[in-house]
1. Arrange the following residues from fewest to most other Cβ atoms within 10 Å of their Cβ: S231, S503.
2. Please work out the FRET efficiency for the pair L138 and V99, using the Cβ-Cβ distance as r and a Förster radius of 25 Å; give the result to the nearest 0.05.
3. With θ set to phi - 60° and the Karplus curve 6.51 cos²θ - 1.76 cosθ + 1.60, what are the ³J(HN,Hα) couplings of segment 133-141 in order, to the nearest whole Hz, using x for Gly and Pro?
4. Could you list which residues have their amide H under 5 Å from that of M414, counting only those 5 or more apart in sequence or on another chain, with H placed in the peptide plane?
5. What are the ³J(HN,Hα) values, in whole Hz, obtained from phi via the Karplus relation 6.51 cos²θ - 1.76 cosθ + 1.60 with θ = phi - 60°, for each residue of segment 149-155 in sequence order, with x given for Gly and Pro?
6. Residues with amide H under 5 Å of A455's amide H, sequence separation 5 or more or different chain, H placed in the peptide plane at 1.01 Å from N; which?
7. When a footprinting reagent is the concern and you count Cβ atoms within 10 Å, what order do T161, T47 take, fewest first?
8. Just subtract the alpha-carbon distance of I24 and I117 from 0.36 nm times their residue separation and send over the number in nm, one decimal.
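Just so you know, all these numbers are worked out from the coordinates, no wet-lab data involved. None of these values were measured; they are calculated from a predicted model. Cβ placement follows ideal geometry from the backbone for every residue including glycine, while neighbour counts extend to all protein chains displayed.
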Amino acid sequence: MLIHRLKLIFFPISCLLIIIASSILGQSTQRLCAMIVVGILLLLSVTLDHKYPRFLWIQLILLGIFQYATQLNWCVLLYYIMIMTIFDKKQSYKKTLPVSVLLILQYTIIRLSYVPISSYSILVTIFDFLTLIFIVFLFHYVIRAETEKQVLRDKNDYLTTHDPLTGLLNYLGYMNQIQALISKKVPFYLILLDLQNFKSYNHDGLESGNEALINLGKALISTFPNAYGVSRYAGDRYALLLPTEYYMPDHIGALLELDSLGYQVSYSIVSHPEESEDHNQLIMKAEDKLFQMRREQWLQREEDLFRSEKMKVVGELAAGMAHEVRNPLTAIRGFVQLSKIQSYNIKPWYEVIMSEITRVTELTAEFLQFSKPHASNMRSESLTVCIERVISLSESDAISRGHQLTLEIEDDSMYIYMDRDKIVQVLLNLVRNALEAMETPGEVKIRVSRADNKAVIQIQDTGIGIAPDQLQQIFNPFYTTKEDGTGLGLSLCQKIAQDHKGSITVHSVLGEGSTFRLILPVLLTD
């Protein structure tokens, strides 16, 4: 394109100067008219050769006639301009050099027709051919260097505006494309997409995450072939610029929600210029819509997860309950069948049957605690009073077992917002477990302290301790190490503690004993 423009400038100037010089040097009027006519035709072919490439061959003939009419060696400049036109096609040496040689050969033959053949003419011809070869190689070198620079510029522009992983537009390219469409007043839809559960793909390794990003980019290009632009502008975020004449919001939503992409995506759709004519406001609206959709999906996932966990716990409790109830019922059934043989006399097994019935009753009573609502009789209660009640209820059991029960309260001014009966139930359960854990006479220490607006009730025994593998399961429903235990006591204690926004922790060493800590928030008073 540049050489063609230079040709349009220098060709007319050169032709005019040659005609003037020829007339000054005393050419005939008839030859001068021929020069002007051929020059006009030559200039006309020059203006049209870019549109009609075949005119280039007509130029060669007209150039030869023009040179013969002027009989001036200055026409070599026109030949060099013609050679530059051939270079403009960016052809190889094998194609440009022969044509260039033919041009100079034409120039030489015509030149020798109006100058005497002498050693000087022959030397000039040799010099012309050497000059031609030098110019050909020089121009090819310049053109190759410029081509390489242009390739590097194009590559740099591509890397500046495209994502190296997917080949899609990056943030800069995406913004440039939006601004270009807005400046041209082209209506379009802006769609922002977010790959759902990308962490799960990336968790399998960087290659898996990158493969997911690449595949989604390819799927978007395949699904929306008429898009003005497809961009990966941030991590697992994508943007689409779609023409309004090919797509409708419902159609776009249907394509994104189907399995055609191969991945689940969150998306938002805004339209230009209906929703905004400013690119910043348009992007902000799209981002806000995407955030709202992601929030709704997150809440839905959390709700589904909670429901799933709840059903899982219900299933575990139901399975455990069925297993625990089946054992005493099997025993009762066996004893009743035995009584049939002895004329339904159940006296020999009466105590056993009643103990099994009592066990079923206790088991169902504790199980029902899980189905009850959170603590309802909540009020401000003194923790010291609560602890003293537990001591009074546990003291006789400790004495009968030969154990010592001690109490240490560092701060007796703490008040807890609690259901007192339920907290007493928790502490009684923990104290009872501590008393039962000591096979020989020992000591149960109850220590009450305060730490950072938390009340810490510590119950420590000198029993046999709990093995590490058992320690991880003691709060699971129906897990017990006691022969007559239901396995619901500690699970229920944990639930009550959580209902009071507290927690239960345990530390145990085999052969030395265990320490349970009930932590509850202290009610702050002005």
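1. Numbers: S231 29, S503 13.
Fewest-to-most Cβ neighbours within 10 Å comes out as S503, S231.
2. Numbers: r = 16 Å, r/R0 = 0.66.
The pair L138/V99 has a calculated efficiency of 0.90.
3. Residue by residue, segment 133-141 yields 4, 4, 5, 4, 5, 5, 5, 5, 5 Hz.
4. For M414, whose amide H was placed from the backbone, the distant partners under 5 Å are L383, T384.
5. 5, 5, 4, 5, 5, 5, 5
6. L520, V522
7. Details: T161 17, T47 14.
Placing the least packed residue first, the sequence is T47, T161.
8. On the way: separation 93, 0.36 × 93 = 33.48 nm, distance 2.47 nm.
Using 0.36 nm per residue and subtracting the Cα-Cα distance, I get 31.0 nm.
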